[in-house]
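Values quoted throughout were computed directly from the atomic coordinates according to the rules given, and no laboratory measurement underlies them. Only a predicted model underlies this, so the values are computations on that prediction, with no experimental measurement involved. No Cβ is skipped: glycine too gets one built from the backbone with ideal geometry, and neighbour counts run over all protein chains shown.
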Amino acid sequence: MGLSGKDLVGLQHLPAEEIKLILDNALPMKGIIQRQIKKVPTLRGHAMVTVFYEASTRTRASFDLAAKYLSADTIGITAATSSVKKGESLRDTARTIAAMGADVVVLRHPLAGAAELLARTLKAAVINAGDGAHEHPTQALLDLFTVNEKKGRINGLKVAIIGDILHSRVARSNIWGFTRLGAQVRLAGPATLMPPGVEQMGARVCGRIEDALDGADVVYILRIQRERQQQGLFPGVREYSRLFGLNAARLKLAVPDALVMHPGPMNRGVEIDPEIADGLQSVITEQVTNGVAVRMAVLYLLTGGGSQHEITY
Amino acid sequence: MKLLIKGGTLIDPATGKVGELDLLVIDGRIAKTGVNLSAGDAEVLDAAGKLVTPGLIDMHVHLREPGFEAKETIFSGSCAAARGGFTSIACMPNTNPVADCAAIISYIRGRARKAGKVNVYPIGAITSGSKGAELAEMGDMQEAGAVAFSDDGQPVISAGLMRRAMQYAGMLNMTIISHCEDKSLASGGVMHEGYLSTVLGLPGIPACAEEVMVARDILLAEETGCPVHIAHVSTAGSVRLVREARARGIRVTAEVTPHHFTLTDEAVTGYNTSTKVNPPLRTGADVAAVRQGLADGTISVIATDHAPHTIEEKDVEYGLAPFGMVGLETAVGLVWTELVATGILTPLEAVAKLTLNPATILGLPKGELAVGADADITIIDPAATWTVDPEQFASKGRNTPFAGRVLQGLPYATILGGRIVMREGALA
């Protein structure tokens, strides 16, 4: 089987079987990355365009390498957000790219819904690489892959996500992904950064970080952005670190072999103690490696990979 | 010039009477109503099976001229009003320049007369440039024909200035129409704050952003005695505040838009920018509350907040699109489908909220079918079902979330001063 949709805009509506399909396909992809010659001809003749309206180093590099390891041709377009207002609209930019023959368009955009707008406009497959506070599906997929690899399962695990949930697309995609595969998701963070109604997504909101960490199998730390302080959303990084920072004492509340994860880039010493970030339980670097593998799988599946099995099924 | 409207059901909210009567118009005025009137030399308009009501009044319209003629003009907006069954509309002052002085009020009235489709009553700005700093020349504007004052689109942020505005408008016996939105609470929001804004990742506008200012303006209305009209009420809390204030005898009235009594924030799913409106589409509980407010009389007016925008402006990311949707040409269908067919309002109550009640608030000599009154008349086919097709709109705006929706109830004819300006969707 293949993926049922043309695009990957989010995990909200992605069925569990399709999430598993992506994770299954990421495993051999990881094998390719670990080879001496990291190149397979799978996507030869396919073109991927990354369109980034927001600064990003790792996501963009990750997509770029994923495509190159699969022999796709890639090009990156950086569009400053300010030029959106004075110049070409997103849809016109998209049409231009489509006219050049792109098979896959990867979009990073500061506004929620941008990927869906693009997906509606284009015949090409659209991969959402983060749209505002909406979703960042490949991040959640690589997180699921990493946890599954380390723990051998997702079902029944307790996952604590700590930090600025309100502005986090990573948190939203992870809530959908982990709950769909049977994990229990708990959230903790400043009340001012907890979005209303988030329980309806299937997560539990904890008043104290300690409650979220208690017996957790996965501790997922989100980046706290200093701008939120200027917006009056929390008093400051010092207090944040005291109330919500992950340190050795707090990590002890989780199960002994709990995984520590972070989508990066980290504010060391703010949301996470440097010793924890570099500690034995941290899988933060492996998340990055797995990101390439998962994106290879997504590119493969969205360009028609896997669908031939439907016939022989 | 004579016109006989024959065989229709007359609905006159001024008398509360509903009955099958013919209506004779002579020289722009209602000359006679009665059973089986003879036509004589009059043109006969067969209204059998249809409702004959005073010309509908929409007291909340954005005509965009001067300044934003790509979105709408006084002419295109007037045509949209006539197609929607409206004979009178009041237009908001957030044009460019802002309608904050007599010259612009006169300009709008002149352009509207030239368009000649419907009566256009300008609403003047409360503050100079609607900037919320200094009072605009309300007395001058009243003399030039302004019918109320509002900074609609923008709240009057300073309570002190709003109090002065109410004192001054009260002196002129004029109504203040308040756009209630505490910007510090709404800050940056683009939809209702709740579960769906969380799922969609869009910044939310909490219900309290509206309610805080509704409460403030009720207190100021009580203190100053100035009549205050709350524009586009959207939350259950606002309905409750207005209900309590009216029970205490405060001179406060309220309106609701068809989209706020029809749609919930669910409509935003999929990021259709035609659903982006201020105040935002709220929850099912809010929709139920405004419907209850309509039924019990707390909300006495239905107004569209017709807010046209160009396709280019709306065909963008949700966060970048301007707020607003068109409403003139879908209002009657939505009122009938959502409120009358469902039994929330009787036809008489619905017509009152579209005619007599807004006329009373604005002090217009309209909204009745009495002998001698201006022959502004709307004929509605309450049984007609139709599908909303924005391409058919006379408005320049296509930004409606109701495209493709099947509605029951359609304006059949619009008569302005005895002259048929619209019949079966076609403008004369």
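Quick notes
- For segment B:216-306, relative contact order (Cα pairs under 8 Å, six or more residues apart, normalised by length) works out to 35 percent.
- Gyration tensor (alpha-carbon) shape descriptor, segment A:205-301, a/c threshold 1.5: oblate
- 0 to 90° range, to nearest 10: angle between helix A:169-180 axis and chain A longest Cα axis: 90
- Distances between placed amide hydrogens fall under 5 Å for residue A:8 paired with A:126, A:127, A:128, all partners being 5 or more residues away or on another chain.
- Helical mean residue ellipticity (222 nm; -39500 (n - 2.57) per DSSP H run of 4+; nearest 500) of chain A: -11500 deg cm²/dmol
- Shown for B:4, A:118: other C-beta atoms within 10 Å of each C-beta, ranked fewest to most, produce the order B:4, A:118.
- Estimated 222 nm signal from helices in chain B, with DSSP H stretches of n ≥ 4 weighted -39500 (n - 2.57), rounded to 500: -8000 deg cm²/dmol
- For the listed peptides B:403-415, B:84-96, a ranking on the average number of other beta carbons within 10 Å per residue, highest first, reads B:84-96, B:403-415.
- Taking Lys and Arg as +1 and Asp and Glu as -1, the other residues whose beta-carbon sits under 11 Å from that of residue A:245 total +1.
- For segment A:114-181 versus segment A:186-215, the gap between their alpha-carbon centres in whole angstrom: 17
- Eligible lysines near residue B:276 by straight Cα distance, threshold 19 Å, same-chain separation 8 or greater: A:85, B:71, B:183, B:314, B:396
- Compactness index (Cα Rg / 2.2 N^0.38 Å), segment B:62-174: 1.04
- Once backbone amide H atoms are built at 1.01 Å from N, residue A:46 has A:73 as its partners under 5 Å, excluding neighbours fewer than 5 places away on the same chain.
- For chain B, complete DSSP H runs whose alpha carbons reach 24 Å or more along their own long axis and whose mean Kyte-Doolittle score is 0.5 or higher are B:207-224.
- Other-chain or far-sequence residues with amide H under 5 Å of residue B:193's (modelled H): B:205, B:207
- Within straight-line reach of residue A:252, meaning a Cα separation under 17 Å, sit the following lysines at least 8 residues removed in sequence or on another chain: A:158.
- With a cut-off of 14 Å between beta carbons, the residues surrounding residue B:120 carry a summed charge of +3, where Lys and Arg count +1 and Asp and Glu -1.
- Cross-link partners of residue B:32 among aspartates and glutamates, defined as those whose alpha carbon lies under 18 angstrom from its own and excluding same-chain residues fewer than eight positions apart: B:12, B:20, B:22, B:41, B:43, B:46, B:368, B:374, B:376.
- Rounded, prolate or oblate (a/c below 1.5 giving rounded, otherwise prolate when a/b exceeds b/c) for segment B:96-138 by Cα gyration tensor: prolate
- Prolate/oblate/rounded label for segment B:55-362 (Cα gyration tensor, a/c 1.5): rounded
- Taking trypsin sites (Lys or Arg not before Pro) across segment B:152-255, the ones in a DSSP loop with at most 12 further Cβ atoms lying within 10 angstrom of their Cβ are B:248.
- In segment A:231-313, trypsin sites (Lys or Arg not before Pro) in a DSSP loop with at most 16 other beta-carbon atoms within 10 Å: A:252
- For segment B:324-428, GluC sites (Glu not before Pro) meeting the loop criterion (DSSP other than H, G, I, E, B) and having at most 15 other Cβ atoms within 10 Å: B:424.
- Computed over chain B, relative contact order equals 19 percent, with contacts defined as Cα pairs under 8 Å that lie 6+ residues apart.
- Solvent-free Debye calculation, one equal scatterer per alpha-carbon of the protein assembly as shown: log10 I(q)/I(0) at 0.06 Å⁻¹ equals -0.44.
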